[in-house]
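Some notes on the structure that comes next.
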Amino acid sequence: MTRTVTAPNEERVRPEDDGHPGDVLEILQRLHDDRGGLIAVLEAIQTEYGYLPEKALRTVSEQTGRSLVDVYGIATFYRSFSLKPRGKHLVSACLGTACHVRGAPKVVEELRRQLGIRAGETTPDGEFTLETVNCLGACAIGPVVVIDGHYFSKVRKQRVRQLLDQALRGFDQGQPGGDTLVFPIDVSCIRCNHSLMDESLQVDGRPAIRVIVSAGGKQGWLRISSLYGSGTVLSEHDIAPETVVSFFCPHCHADLAGACDCAACNAPMVPMTVRAGGIVQICSRRGCKGGRLDLDGINVDSVPRRMEG
């Protein structure tokens, strides 16, 4: 039987109202001396609307002097951007080889049946969007399903209803099944797309994420655990608690600060592209718990990433 999802109580913004020129102009003005050019602008627009409305992209093109082809080129190149409205809850099911041989297609079919939609679609009430991906970097614990940034391992179709109901209630009320939210990710620079993984030094038993940082008048390297949720950090220089750290790519030397600020402390968030698709963001303030995971276009509060070490 197809699952019926209760529509949210709050009034939702109609897609035709999205991308109002005044709102986009405010974003462009705020990011005039931005920290990431066109990508930062598109990231801010998507944060505002949950996707990139055509009206907004046309306004960006007109105001920046960039051709509409260029703007759409950026919007379609990065999987973290979406040109279609997404649901409040993003369900990503892995169909990579390791998950496939362990029964992932049956899990995906059950998700489709319960939600009444196909992969790439959103439920009519705007609650759920269903996506399938080729790899989520957690092959050893497949089949893997990710809902709003929460990883669920060894999922069977009998568990699908429970996970969807839990998403509607909110994962802050407890994680069903005791799944760990610490999982490996491979990331690259959001500016030049060069890998940030450092095979020469391991943190938490995995290649570290290597960036250059500047804090307190000193510049040096920083290695971050690539186990999302771990928070282990090694730094060349001591970084005082509460310090807002500037992050730079070791390859193109671009400032990695994004357009969004941390919801907890208002420091700039630092986005990095996840190899399997999406963006992970960490707060640039040492000791802050702010962290966000963006899988295929929706930013959701997720496992805290602490700058500890």
Quiz item: Before we move on, is Ala98 closer than 27 Å to Leu227 by Cβ, hydrophobic (A, V, I, L, M, F, W, C), touching a strand residue (DSSP E or B) at 6+ places or on another chain (Cβ under 6 Å) and not in a loop (DSSP other than H, G, I, E, B)?
Solution: no
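One line per residue, one yes/no per condition, for (1) of a type outside the set (A, V, I, L, M, F, W, C); (2) more than 30 Å from Ala56 (Cα to Cα); (3) within 22 Å of the chain's Cα centre (by Cα):
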| site | (1), (2), (3) |
| --- | --- |
| Phe81 | no, no, yes |
| Gly103 | yes, yes, no |
| Gly126 | yes, no, yes |
| Thr132 | yes, no, yes |
Practice problem: Just name the residue that is modelled with the lowest pLDDT out of those in region 68-120 that are under 18 Å from Thr47 (Cα atoms) and of a type in the set (S, T, N, Q). | Solution: Ser80
Quiz item: Do you know which residues across region 101-127 are in contact (Cβ under 8 Å) with a residue 60 or more places away in the chain, surrounded by 19 or more Cβ atoms within 10 Å (Cβ to Cβ) and within 13 Å of Gln158 (Cα to Cα)?
Solution: Gln114
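Every residue in region 134-177 that is charged (D, E, K, R) and either in a helix (DSSP H, G or I) or modelled with pLDDT of 90 or more (or both), please. Working first, answer last.
Initially, region 134-177 is screened for residues charged (D, E, K, R), giving 148, 154, 156-157, 159, 161, 165, 169, 172.
Once the filter is applied, which keeps residues that are charged (D, E, K, R) and either in a helix (DSSP H, G or I) or modelled with pLDDT of 90 or more (or both), region 134-177 yields Arg156, Lys157, Arg159, Arg161, Asp165, Arg169, Asp172.
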Quiz item: Taking Gly50 and the conditions (1) of a type in the set (Gly, Ala, Ser); (2) surrounded by fewer than 21 Cβ atoms within 10 Å (Cβ to Cβ); (3) under 15 Å from Ile27 (Cα atoms); (4) modelled with pLDDT under 90, which numbered condition does it fall short on, given that it satisfies the others?
Solution: (2)
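Among the residues that make up region 244-254, is at least one of them farther than 27 Å from Ala75 by Cα, crowded, with 16+ Cβ neighbours inside 10 Å and at pLDDT 90 or above?
yes
The values are calculated or read from the model by the stated rules, or taken from the named source; none is laboratory data. Bear in mind that the values here come from a model prediction, so they are computed numbers and not experimental data. Please note: Cβ atoms are built from the backbone with ideal geometry, for glycine as well, and neighbour counts cover all protein chains shown.
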